[in-house]
Amino acid sequence: MKAIFGKIWAFAKKEVVLSIAIVAAIITCFFVPPDAQYLGYFEEKTLIALFCMLSVVAGLKHTEVFELISKKMIGLFHTRRTVIYALVFGTYFFDMIVANDMSLITFLPLAYIVLHSTGNDKYLSFTFIMMTIAANMGGMITPYGNPQNLYLFSFYEMELIDFLKALAVQAATILIMLFLCGFFVKNEKLELINDKTLNIKYKKLAVYVALFVLVILCIFRVVNHWLALGIVVAIILAIDRKRFKEVDYALLATFCVFFVFSGNIARIDAISEFIKSIVGESGENVLIAGIVSCQFISNVPTAIFLSKFTDVLYANDLLVAVNVGSLGIIISSLASLITLKEFLKHQPKGFKKYMLMFTVINTTFLIVQLLVTFLRR
């Protein structure tokens, strides 16, 4: 028995986020016993796209392309601050093309290689947090940048111009804030600690780049998600099957567990009635209600849940709420869990420090965004 508890404790320390998510989900299961509705909690397309992207990125890592890009970035930008700017704003603008979680999966490994290869590991938490904010906020300017946007854009049959107007000021404010935060980084010259000779595997690189494009097309819904999954699995099995061992299955499990947690929270009558009471008869109070809700059940479930109680007249308020509400505590956006997982891979003893810094910075950003939002009204 002692050995079993020892293994459980070792797993909990290694997979902190997943362990917390499992405990939270189990607690909600006492209030909402498992039934057929559980199957509707899981966002199938998101999970498939996430698995495909994790598999492709695992393959790209072994081609040493990230090391090559890292060297080019260091040579091009020269200093610590400008390199961090490049990583943060690269994440921000890439998120306009793909979803926020995919943007982070792509850029976080590159950020680690850049900082680690130049002896700047102490800036890893700050950079990762800035990139997380960039990913969560960069996607809010396009209907497909964040999954909650895609849902609301379709649910309310929004016009593109109205969508852009609703979030343009918040998106611009985030850009300014990210730029200002860069001044907390000393602008010193970067140099590679070990400038090793790279062995780029160009044939595999070409294959993985093609698969990367396929996954992007899957995210855009140009390619069917099941077809993309079949192609990715078949090709990697044929040329590089070991990469499947490197997929972060714990991250996939974390998403699944959080889907259960947020799905159950939305079905607990006391919580539902409380949210209904503060949203208002037509959704006139949905802005604050949505932001608060995001802190408990994250942004996507909040968008789905509150849309049932919000008239089209207040659709823009809900749209702003579930985007601005991505800031705050770490569960307000599931994409933030990706960053935490990646950070703990490299600095497993930095959990408390990271969480404190994440919460302080995100809360500050949230307060500023709230002020900007209310000044616009």
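The values are calculated or read from the model by the stated rules, or taken from the named source; none is laboratory data. The structure displayed is predicted, hence computed values, not measured ones. FYI the Cβ positions are ideal-geometry reconstructions off the backbone, even for glycines, and counts take in every protein chain you see.
For this structure, a couple of remarks:
- Given (1) crowded, with 18+ Cβ neighbours inside 10 Å; (2) among the β-branched types (Val, Ile, Thr); (3) at pLDDT below 85, number of the condition Thr132 does not satisfy: (3)
- Complete set of residues in region 14-73 that are of a type in the set (Gly, Ala, Ser) and either within 29 Å of Val215 (Cα to Cα) or buried (at least 16 other Cβ atoms within 10 Å of the Cβ) (or both): Ser19, Ala21, Ala24, Ala25, Gly40, Ala49, Ser55, Ala58, Gly59, Ser70
- Residue under evaluation Val233, criteria (1) over 26 Å from Lys345 (Cβ atoms); (2) assigned to a helix (DSSP H, G or I), criterion not met: (1)
- In region 144-170, the qualifying residues are those that are under 16 Å from the mean Cα position of the chain (by Cα) and in a loop (DSSP other than H, G, I, E, B), and the one that is surrounded by the fewest Cβ atoms within 10 Å (Cβ to Cβ) is Tyr144.
- Elements of the type helices (runs of 4 or more DSSP H) sitting completely within region 21-118 and holding at least 2 residues that are in contact with a strand residue (DSSP E or B) (Cβ under 6 Å, 6 or more places away or on another chain): there are none.
- Members of region 62-102 that are within 17 Å of Leu50 (Cα to Cα) and touching a residue at least 60 places away in the same chain (Cβ under 8 Å): Ile97, Val98, Ala99, Asn100, Asp101, Met102
- Residues of region 267-292 satisfying the condition of being within 20 Å of Ala166 (Cα to Cα) and either assigned to a helix (DSSP H, G or I) or among the basic types (Lys, Arg) (or both): Val279, Val286, Leu287, Ile288, Ala289, Gly290, Ile291, Val292
- Whenever a residue of region 259-277 is touching a residue at least 12 places away in the same chain (Cβ under 8 Å), its partners that are buried (at least 22 other Cβ atoms within 10 Å of the Cβ) and not in a helix (DSSP H, G or I), lying with C-beta atoms within less than 6 angstrom and at least six residues away or across chains, give the pairs Ser262/Ser298.
- When we screen Ile265, Ile236 for residues that are buried (at least 18 other Cβ atoms within 10 Å of the Cβ), out of contact with any Asp or Glu (no Cβ under 6 Å at 6 or more places or on another chain) and more than 27 Å from Ile330 (Cα to Cα), the only hit is Ile236.
- Residue count for region 152-161, restricted to those that are more than 20 Å from Asn299 (Cβ to Cβ) and touching a residue at least 12 places away in the same chain (Cβ under 8 Å): 1.
- Some residue of region 247-266 being among the hydrophobic types (A, V, I, L, M, F, W, C), modelled with pLDDT of 85 or more and either assigned to a loop (DSSP other than H, G, I, E, B) or over 19 Å from the mean Cα position of the chain (by Cα) (or both): yes
- Checking each residue in region 66-110 for being touching a Lys or Arg at 6+ places or on another chain (Cβ under 9 Å) and either among the β-branched types (Val, Ile, Thr) or farther than 27 Å from Glu188 by Cβ (or both) picks out only Thr79.
- Of the helices (runs of 4 or more DSSP H) lying entirely inside region 297-377, those carrying at least 3 residues that are more than 18 Å from the chain's Cα centre (by Cα) are 299-307, 315-324, 351-376.
- Considering only residues in region 307-344 that are touching a residue at least 40 places away in the same chain (Cβ under 8 Å) and more than 26 Å from Phe358 (Cα to Cα), the one that is surrounded by the fewest Cβ atoms within 10 Å (Cβ to Cβ) turns out to be Val312.
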